[in-house]
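The values are calculated or read from the model by the stated rules, or taken from the named source; none is laboratory data. Note that the structure is predicted; figures quoted are calculated from it, not measured. Please note: Cβ atoms are built from the backbone with ideal geometry, for glycine as well, and neighbour counts cover all protein chains shown.
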Amino acid sequence: MSEKINVLFAASECVPFIKTGGLGDVAGSLPKALQDAGCEVRVILPKLGQIPSKYTEAMEPLITFEVPLGWRRLYCGIETLELDHVKYYFVDNEFYFKRDTAYGYGDDCERMAFFSKAILESLQYLPDFFPDVINCNDWHTAILPVLLHEQFMGIEKYQNIKTVFTIHNLKFQGICNEFNFTDLLALNGKQNAWDQLHFDRDCINFLQGALYYADYITTVSPTYAQEICTVPYGERLDHILNQHRDRLTGILNGIDTVKFAPEHALYPFTIDDFAGKAACKAALQREAGLPELPDVPLMVLISRLTDQKGLDLLAGCIDRLMEQDIQLFVLGTGDKHYEWLLGEFGKRYPDKMVLKAAFDEPLSMRMYAGADLFLMPSLFEPCGLSQMMSMSYGTLPVVRETGGLKDSVVPYNQFTGEGTGFSFNSTRADDLYNCIMYAISVYKDHPDIWKQLMKQAMTEDFSWGERAKSYIAVYEACLA
Ligand code: ADP
């Protein structure tokens, strides 16, 4: 296809404006890669209250209009900003978006229905841009393809818009009371929409709607694309995903390889000179308040603290691990239960384990750079970016073989020398323990092999280049 494809990338969070997890990283790096690969891209985001003032002050008002949402008539402004050659649109409505946190409110479905409807309405007024493809991401924009088909097809130029729906995490679906079908979405009398949104006895499910209405479904790794078609990983939507397998594909995420590069670490290093890595480790031990011991393996875990991340496996073997000569530094926030539990372990083993209960990106980058091992024993993992960030710095991951972890970490093979990390398959704490012990034995007994594995991890290609082309192939297939 010779003409540029106009892509509107719709997401609820995006680096550097706001990030709570991997979606923010992807929205902050994939659009740039798509643009570099020849698409004309705009990113559209809610103007959330947490966006730093240095960005909000630089935004320029573009248009204002009214958004009908059920019986409501709501103010909407679109503001714009260009950063690093990518143009961003921010959907402004202070009632919905100027809050203390991005998510976690009783009216989240209403907020995201507003966001999706506002995006569609805005296309009538935006100067200089009309999308060929809208790439929606996760449940926050899942209702958009439904509304496009049910409410906007009367407008001629909307008839050719294609939608791609990307699943970053199937667990979060946007489920609310069926009352919203009419009250919020104004889909009264639309039997098709009812059949495809209705979920459980008296609920509607935004994400389920996108599975039916989007032209194509992508997810963030090939293995997760297969897993979600099965009952254990399908979050009660596996039967629908199975029906649509012919338009479901998994494209492994990339990361911003300029940002997450050892050349830009606190003490820069390369595969030819690891002196900076040792300095990063010493600085990290000092920062964590752990003894500054160069030969003791330093493990880190950086994560949302939820059961998804396999923290019960870790809790199940932590006492045994702490009998070893090792250190563990955890950075994370989330479920209070895990914050308390990991904090208690920290108190029990003050010389070996530390929890920092915070969301701190600069610290996370110092941890990726300074550690020896990165723990990610997730029960499921759509893609996972942290393991790629850690490998970029030669910090070898210990992962469970699921989703994108399976697709991005090559387990060490002692016979061939291949490997960029260590992995195990079960959901048993014993197997995590054994895997960590194996990694530590290689670290301690075979420093040359360890160094070689670090080099292999650091030379893996985690960039978006080829992966962005796979997205473009999906857009082209939709438009063909
Ligand atoms: P998920 O999207 O499920 O949270 P990913 O591995 O895809 O997991 O992405 C997580 C992103 O959030 C990574 O960039 C990781 O570094 C970052 N992150 C997670 N927890 C923290 C934290 N406590 N402080 C800083 N960054 C964090």
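For the reader, a short list of remarks on this structure follows.
- Here PRO268 meets each of (1) over 23 Å from SER441 (Cβ atoms); (2) surrounded by fewer than 13 Cβ atoms within 10 Å (Cβ to Cβ); (3) without any contact (Cβ under 8 Å) to a residue 12 or more places away in the chain with one exception, condition (2).
- Number of the exception - THR56 against (1) β-branched (Val, Ile, Thr); (2) at pLDDT 95 or above; (3) within 26 Å of MET389 (Cα to Cα): (3)
- Contacts under 7 angstrom Cβ, first residue in the range 19-41 being closer than 12 Å to VAL7 by Cβ and β-branched (Val, Ile, Thr), partner in a strand (DSSP E or B) and more than 10 Å from the ligand (Cβ to nearest atom), 6 or more apart: VAL41/VAL7; VAL41/PHE9; VAL41/VAL86
- Among the residues of the range 463-480, those identified as without any contact (Cβ under 8 Å) to a residue 60 or more places away in the chain and in a helix (DSSP H, G or I) are GLU466, ALA473.
- Candidate set from the range 309-335 (those that are part of a strand (DSSP E or B) and of a type outside the set (S, T, N, Q)); member that is farthest from the ligand (Cβ to nearest atom): LEU328
- Annotation note: of ALA214, ALA225, the sole residue that is under 20 Å from GLU381 (Cα atoms) and within 22 Å of the chain's Cα centre (by Cα) is ALA225.
- Qualifying residue in the range 403-423 (condition: surrounded by fewer than 23 Cβ atoms within 10 Å (Cβ to Cβ), assigned to a loop (DSSP other than H, G, I, E, B), more than 16 Å from the ligand (Cβ to nearest atom) and charged (D, E, K, R)): yes
- As a summary of the residue check, THR182 satisfies the conditions (1) assigned to a helix (DSSP H, G or I); (2) among the β-branched types (Val, Ile, Thr); (3) buried (at least 22 other Cβ atoms within 10 Å of the Cβ) except for the one numbered (3).
- Every residue from the range 379-389 that is more than 8 Å from the ligand (Cβ to nearest atom) and in a loop (DSSP other than H, G, I, E, B): LEU379, PHE380
- Residue in the range 106-116 that is closer than 17 Å to ALA210 by Cβ, of a type in the set (S, T, N, Q) and modelled with pLDDT of 95 or more present: yes
- Selection status of VAL330, closer than 23 Å to THR101 by Cα and among the β-branched types (Val, Ile, Thr): yes
Per-residue answers, yes or no, for (1) of a type outside the set (A, V, I, L, M, F, W, C); (2) under 30 Å from SER408 (Cβ atoms):
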{"residue": "LYS117", "(1), (2)": "yes, no"}
{"residue": "ALA142", "(1), (2)": "no, yes"}
{"residue": "GLY154", "(1), (2)": "yes, no"}
{"residue": "LEU184", "(1), (2)": "no, no"}
{"residue": "ASN188", "(1), (2)": "yes, no"}
{"residue": "GLN191", "(1), (2)": "yes, no"}
{"residue": "LEU207", "(1), (2)": "no, yes"}
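- Residue satisfying condition, being among the hydroxyl-bearing types (Ser, Thr, Tyr) and away from the ligand (no atom under 15 Å from the Cβ), within set TYR349, TYR338: TYR349
- Scoring GLY334 on the criteria (1) touching a Pro at 6+ places or on another chain (Cβ under 7 Å); (2) of a type outside the set (A, V, I, L, M, F, W, C); (3) farther than 21 Å from ILE436 by Cα leaves a single failure, condition (1).
- Scanning the range 427-450 for residues that are β-branched (Val, Ile, Thr), in a helix (DSSP H, G or I) and under 18 Å from ASP312 (Cα atoms) returns a single hit, ILE436.
- Strands (runs of 3 or more DSSP E) (entirely within the range 1-70) containing at least 2 residues that are surrounded by fewer than 17 Cβ atoms within 10 Å (Cβ to Cβ) and either within 16 Å of the ligand (Cβ to nearest atom) or among the hydrophobic types (A, V, I, L, M, F, W, C) (or both): 60-69
- Subset of the range 46-77 (residues that are within 18 Å of ARG99 (Cα to Cα) and of a type in the set (A, V, I, L, M)): LEU48, ILE51, LEU74
- A Cβ distance below 9 Å, combined with a sequence gap of six or more or placement on separate chains, defines the contacts here; from the range 350-368, residues that are within 15 Å of ASP25 (Cα to Cα) reach residues that are assigned to a loop (DSSP other than H, G, I, E, B) and within 8 Å of the ligand (Cβ to nearest atom) in the pairs PHE359/LYS19; PHE359/THR20; GLU361/LYS19.
- Residue ID - nearest to the ligand (Cβ to nearest atom), chosen from residues in the range 352-368 that are charged (D, E, K, R) and not in a loop (DSSP other than H, G, I, E, B): GLU361
- Residue within the range 159-178 that is farther than 20 Å from HIS244 by Cβ, of a type in the set (A, V, I, L, M, F, W, C) and in contact with a Leu (Cβ under 6 Å, 6 or more places away or on another chain) present: no
- In the range 279-288, the condition of being at pLDDT 95 or above and not in a helix (DSSP H, G or I) is met by no residue.
- Of residues in the range 89-142 being assigned to a strand (DSSP E or B) and crowded, with 22+ Cβ neighbours inside 10 Å, the one nearest to the chain's Cα centre (by Cα): ASN137
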